[in-house]
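The values are calculated or read from the model by the stated rules, or taken from the named source; none is laboratory data. Since the model is a prediction, treat every value here as computed from it, not as a measurement. Don't worry about glycine lacking a Cβ; one is built from the backbone with ideal geometry, like all the others, and counts go over all protein chains shown.
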Amino acid sequence: MKIIANIAKMQEFSRQVRLGGLSVGFVPTMGYLHDGHLELVRRARTECDVVVASIFVNPTQFNNPADFDKYPRNDQRDAELLLSERTDVLFKPHADDVYVGDASTTVAVSGLTDSLCGPGRPGHFEGVATVVTALFNMVGADKAFFGEKDFQQLQVIRRMVRDLHVPVEIVGVPTRRESDGLAMSSRNARLTEGQRKLAPVIYRALNAAVDAYIEGEDEAVAVVDAARAELSSVEELEVEYLELVDARTMKPAETADENSVLAVAALLGDVRLIDNILFARALAPDAAFDACEAHAVPDVIEYGSH
Ligand code: PAF
């Protein structure tokens, strides 16, 4: 595995790979890797010839600077895990190179960011969309892989790629869970033993909502109430939001259907956990789920002779 820090070298590496007719798969991360990240690498490995993973703890997506400082880091372990999954390149750019001096350009995706994590984390999605755009320009990938656990982020990135015609295909990968259903996350390591035992209530609640839907309930309020009832069984859990939204718009849904996503953010102590369930995936686990309008395929017109 190569470790590249220099942005020009990264761009040149990908250019050479693609000139040679091979595809580049890209997994952007902020490090402190767990099996959910490695699942993205495995997926990239099956779909692309060369796999690049980046580790960059992006300061602009933290609305609280203390969270950025506290963000867990373990470079040596991350490198070993990526190597064990046959990653070809670990890209670790320096913050001063990513954000040059008086950098003043940002990428903001409106609408999709008005709900769920958007209002409570001002600037977060702008920081994500900006750094992901920059990383795409540095890595030059054919496909990029993101987890469905951060579903709103995934939809924001899909929209940004569509709207700015970024030449990369976005692949959403189903959430990886512990055996008791807790979604894998770097934050789980900060749960106390007691909190860790309580945390799976989140996934049970999401499933309770889907069960209600399968049993014939389609009023959003009633579907959400089924989840809320389950969450309320753990009084230590402080729910920040629990909302049924349409996956294509991220706007609140009045009735549940196969485009619905039930999303939750909740605090256990000071650990903020998020999770969601895509109704389409819960109903047909193996079906591809994109929930984004189709890209227009441009015609190629041959004009004159060569
Ligand atoms: O999901 C993450 O780890 C980050 O938001 C990302 C996409 C790597 C951008 O910093």
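Structure values in brief
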item	result
Close pairs (6 angstrom Cβ cut-off, 6 or more residues apart or separate chains): more than 16 Å from V173 (Cα to Cα) and at pLDDT 95 or above in the range 36-58, part of a loop (DSSP other than H, G, I, E, B) and more than 13 Å from the ligand (Cβ to nearest atom) anywhere	D49/L22; D49/S23; V50/L22; V50/D88
Tally of residues being surrounded by 15 or more Cβ atoms within 10 Å (Cβ to Cβ), farther than 20 Å from D150 by Cβ and of a type in the set (D, E, K, R) across the range 229-261	2
Residue count, the range 110-129 (criterion: within 18 Å of V168 (Cα to Cα) and surrounded by fewer than 22 Cβ atoms within 10 Å (Cβ to Cβ))	0
Close pairs (6 angstrom Cβ cut-off, 6 or more residues apart or separate chains): more than 14 Å from V234 (Cβ to Cβ) and buried (at least 20 other Cβ atoms within 10 Å of the Cβ) in the range 184-211, among the aliphatic types (A, V, I, L, M) and modelled with pLDDT under 95 anywhere	V210/A282
Enumerated strands (runs of 3 or more DSSP E) restricted to the range 1-91, each holding at least 2 residues that are loosely packed, with under 15 Cβ neighbours inside 10 Å	2-4
Positions within the range 124-181 being within 13 Å of the ligand (Cβ to nearest atom), within 17 Å of R42 (Cβ to Cβ) and among the basic types (K, R), in sequence order	K149
Any hit, the range 187-209, residues being within 20 Å of V245 (Cβ to Cβ), touching a helix residue (DSSP H, G or I) at 6+ places or on another chain (Cβ under 8 Å) and hydroxyl-bearing (S, T, Y)	no
Residue list for the range 96-123, restricted to those being outside any loop (DSSP other than H, G, I, E, B) and either over 23 Å from V27 (Cα atoms) or away from the ligand (no atom under 12 Å from the Cβ) (or both)	D96, D97, G118, P119, G120
